[in-house]
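The values are calculated or read from the model by the stated rules, or taken from the named source; none is laboratory data. Computed from a predicted structure; not experimentally measured. Cβ coordinates were reconstructed from backbone atoms using ideal geometry, including for glycine residues, and neighbour counts include every protein chain displayed. Quick note on the areas: whole protein, heavy atoms, side chains included, nothing else; ligands and nucleic acids left out. Shrake-Rupley method; radii C 1.70, N 1.55, O 1.52, S 1.80 Å.
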Amino acid sequence: MSWCLRGVSAIVAVLAAGCSSGKPAAPHAEAPAHVESPKKEAELTTVKLSPEAVKRLGIEVVTVQTESAAATRSLGGEVTVPEGRMVTVTAPVAGTVSAVSAVLPGARVTRGARLMTLAPLASSERDQSIEARRAVNAAQAEADTVRRRVARLEQLLKEGAASARSVEEARGQLQVDEAALNAARERLSAMQKGPVGPQGEIVITAPLDGVVQSMSVASGQTVAPAAPLVQIAQVNTLWVRVPVFAGDVEQIETSQPASVKRLGGSSAPLLARRVTAPLKADPAAASIDLYYEITAAGTALRPGERVMAEIPLKTTVQGLVVPEAALLHDIHGDAWVYEDLGGNAYARRRVQVARHSGDRAVIARGLTAGQKVVTAGAAELFGTEFGAGH
């Protein structure tokens, strides 16, 4: 045992001697990065404006209050083309189709745009065009002849070799011929503006502004009368069909608009107003179809797409309410508002929207009663903060 203690003492002595050898300790490694003058996150979202800038941007604020808002129910819906806005263009006569390569399904067309041409198998349309041009040429020649005759008779009247009566009769005939010429020109002009081309072909045009949904013919194909050629859908406005359980229809507030949002989308919801539509129901699902109209300009919604519709109910609930105009949405779909801090300072706050009730939004988290948020000018503040307003 004694030799073990002596060995341990020797090891301790060696270690002590090494620690007290007088050599300097190794310096601490320098941190790879450091932040100078760090700022809090709240300070990064504060925008301070001059009084002139506040006036120029038209800033308006409202106070967040606890109010009664309509309760809502989220239901699945389907985007559809309004009734009467899906038009199928048919062939007016039997003929051969040509010049359809520029018309593709999905292409946007305007009213009156040329879709294709149809060469009739019968020559009646071509004969009408040729006859109209022949009538104009004949009336022009007749009028020129009578005009020269009037000029000769007027000269002979001055020389005393013709009577005044013959000159008057020639002038009357000239008026009749000029009227016939004008009528022939108007008839030819109307035919040229119509669907018949110079060679007798019929020009098929778009009856409305919309998107080509389907094409039923190809160039060179011969079609029968009334054969479907192309289908065009008017998509400036779209309907959303929302199936509702028959027992819940009486609970829905029909005077308030619904909020429609794409499934999984990050964009702001769209307001959709209730419209009168055909009475449709599904007996298998015990549901009744309600229809809401949205303006599709600038949106990516497509007919047949499934969406989420937030339908207002007749019952109300209490909640923190702000106008929809106060909400801003970033590219990730997060909702923000600008709080008025006073002194022309505005702070961007993230909020969580519980539901939408018409032109108001019920806030679940992020605000308290009494705070002031910006309504008019909120988008301008957002652009100013991120540089677009500079």
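Worth pointing out:
- Note on ARG108 and ALA364: the extension gain reaches 88.0 nm, defined as 0.36 nm multiplied by sequence separation minus the Cα-Cα distance.
- For region 271-390, the fraction of 1.4 Å probe accessible surface lying on carbon and sulfur atoms is 53 percent.
- Taking trypsin sites (Lys or Arg not before Pro) across region 69-123, the ones in a DSSP loop with at most 16 further Cβ atoms lying within 10 angstrom of their Cβ are ARG111.
- The mean accessible area for residues of region 240-296, using a 1.4 Å probe and ignoring ligands and nucleic acids, is 55 Å² per residue.
- Modelled FRET efficiency - R0 30 Å, ARG273 with GLN352, Cβ distances, 0.05 increments: 0.70
- Altogether, the Stokes-Einstein calculation at 25 °C and 0.890 mPa s, with the Kirkwood radius of region 55-117 over Cα pairs as Rh, returns a diffusion coefficient of 131 µm²/s.
- Distance in nm between pseudo-label sites at SER163 and GLU178 (7 Å out along the Cβ direction from Cα): 2.5 nm
- Whole-Å semi-axes of region 239-390's equivalent ellipsoid (Cα gyration tensor): 34, 18, 12
- For the listed residue pairs LYS55/LYS372; LYS314/LYS372; LYS55/LYS261; LYS48/LYS261, the alpha carbons are over 25 angstrom apart in LYS314/LYS372; LYS55/LYS261; LYS48/LYS261.
- Volume in Å³ per residue [convex hull over Cα atoms, computed for region 135-280]: 303 Å³
- Dipole magnitude of region 143-253, debye to nearest 20 (Cβ charges: Lys/Arg +1, Asp/Glu -1, about Cα centre): 820 debye
- In nm, spacing of pseudo-spin labels at ASP209 and VAL54 (7 Å Cα→C-beta vector): 4.1 nm
- Additional length obtainable on full extension of the chain from THR237 to ALA151, 0.36 nm per residue less Cα span: 24.6 nm
- Cα→Cβ-extended label distance, 7 Å offset, between ARG187 and ASP144, nm: 2.0 nm
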